[in-house]
Amino acid sequence: MSLATYDVKQELVKLTQNFFSIDHQFSELKHLLIDKKTIPWIHNQIVEQLSQIKKSDEIAVIARLEKSAYEQQMKEDDDEKNRDVEELRQDLLQRNHLTRQLEILRVRKEQYERELLIRNTVSHVHTHPDTPVVHQHPSQPVSVPLPNPNTHVHTHLEATLSTQDIELSIQRINRRISEINKELEILDSRNDEREIRRGDREKRLQARLNYVQKTAGVTNTLSPNNQKKLLSNIEKEKKSLTQLHSSLLLKADQLNYSIFLQQFELSLQSMQRPFQEIDALKAIVKKMKEHLNFKEKAALVQSQLNNTIHTIGKNTSTLERLQSKLRSLQLANPDLTRRNERLAEQNRELLESYNNHTKTRNKLLLPTLILSGLSLLFSIPLILTLTGIIPYAIAPAVLLTLVITPPALLLLAGLGVGIAAITYAVKAYFNNSTIESNKETIESNRRQMGTNQQEIYTLENQTIPNLKRELLQNEEIKNRLTDELQYIENLAEQALKQANEVEPHIYSSMPFFNPEVIVHQHPSVSNGMVTPSAPPLDPLYHVVRH
């Protein structure tokens, strides 16, 4: 059995039956029934079982993970070996190719260098043409040097290359030689890495032999990376088992007493005890079942009560927010009304100013036109004089003064009056613009006031009254649930008290302890059934939610 297949309920039933197969004192059984706590003997057995199963599961998990890691490492080693063999073959081919290239480049470089040396020597000899030649007659014949068999014979290609081309070729050859050397170094480095991997595989192979012979663990058969993975997977599985173990323990603790009570009632049919004790235990079991039933109902009522209280708090906050909003809206409309009144008063003042400015502008318009016409009319003699049509009968200065002064004065007067007219026209324009803007603001405020009034009506006549009704209903439900909870808890305590008072030695003399135990009844009890005085919970009293 594993933790995953462990049936808590079934094991509790078995252990509870085993518990009842052992003889126990009446007082001990009564105490276990009334105490309502986990039965220590049964729980300890569960704890021991789960601990052993957890250890077995951990051992099995570790073995499974180690086997999987071992097989995975073998596969990885085989794959790595095959890759290294193929890589070695490719590297050997590449090394041979690079070596041949390197030899060819070195020979060509030597040829180019000899060619440069020869050209430099010839150039040096040709730089001394004026050196006098002294003919000597040696007493011995001049020896003619024999050609060196190693002397480079100029090819047609080298003869056609310039010295600069040869030097560039040598530079290219040097760069290529450097590249080849780097590639060869990379091949050497890869070969060293293959040797290291081969050594590691041989060590793991030896470790596998020891592992198969059970003389060593699986750790040394794994690469460092796979060792970390294995440890990580083991920790994850252990953590998962620990969580499952804890959840099973919690479930066993929660079900312990309820299953104990069920099995206790069943075991009473075959329990070998004095009939007084059997009847007393039956009465205790009956009362404890009633007690638990009341407790279960109380928990349900408590949950509904908590939800109702939460809803009341939420609706109360909503009501306060809506009331605050209503007050703000109620204050907003008078403020908007006052604004509109101020804007209307301002518009009246602006309209009066606009009319005055318009009248003044209109009054100045005619003088401006007259002065402009006179200025143009009196400018005609000036124009005729300047063009020479009218001859100079008097001194030019006097003539020009007489001709220029009237139109100039008229022009200045016309400009003054025109500027004044324009000024009043601009003022009238701005007055009218402000009036239109104020009208738009007034209309906007009126629309806002209408919207506010509609919202005020909705809040005052619908939203807030409905919310208050819901609050009242929920308060009533809260009070009913509180009373019902108190009543059910009293019944639960009463049943527990009655169970605690049961004793076998008074069974035969007191009618309270016969098999049909009479429970102290609430006034609302009828037909032997205990019914709460408060209204039923569902489905009549749902929490009203806003």
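The values are calculated or read from the model by the stated rules, or taken from the named source; none is laboratory data. Since we're looking at a predicted model, the values are computed, not measured. All Cβ positions, glycine included, derive from the backbone under ideal geometry; neighbour counts span all protein chains shown.
Descriptive notes on the structure:
- Residue list for segment 42-75, restricted to those being surrounded by 14 or more Cβ atoms within 10 Å (Cβ to Cβ) and of a type in the set (V, I, T): I42, I46, V47, I53, V61, I62
- Test: N432 is part of a helix (DSSP H, G or I) and either under 30 Å from N293 (Cα atoms) or modelled with pLDDT of 90 or more (or both): no
Residue by residue, here is whether (1) in a helix (DSSP H, G or I); (2) in the same structural domain as Q486 (by TED's automatic domain parsing); (3) crowded, with 19+ Cβ neighbours inside 10 Å holds:
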{"site": "F260", "(1), (2), (3)": "yes, no, yes"}
{"site": "A283", "(1), (2), (3)": "yes, yes, yes"}
{"site": "N307", "(1), (2), (3)": "yes, yes, no"}
{"site": "S328", "(1), (2), (3)": "yes, yes, no"}
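- Residue, surrounded by the fewest Cβ atoms within 10 Å (Cβ to Cβ), within segment 217-250, restricted to residues that are over 21 Å from D78 (Cβ atoms) and of a type in the set (A, V, I, L, M): L250
- Test: H43 is assigned to a helix (DSSP H, G or I) and touching an Asp or Glu at 6+ places or on another chain (Cβ under 8 Å): yes
- Pairing each residue of segment 429-454 that is within 18 Å of R338 (Cβ to Cβ) with any residue that is of a type in the set (G, A, S) and part of a helix (DSSP H, G or I), provided the two are 6+ apart or on different chains, yields C-beta distances under 9 Å for N438/A344; I442/A344; Q448/A332; M449/A332; N452/A332.
- Residue in segment 441-459 that is at pLDDT below 90, under 21 Å from A344 (Cβ atoms) and among the hydrophobic types (A, V, I, L, M, F, W, C) present: yes
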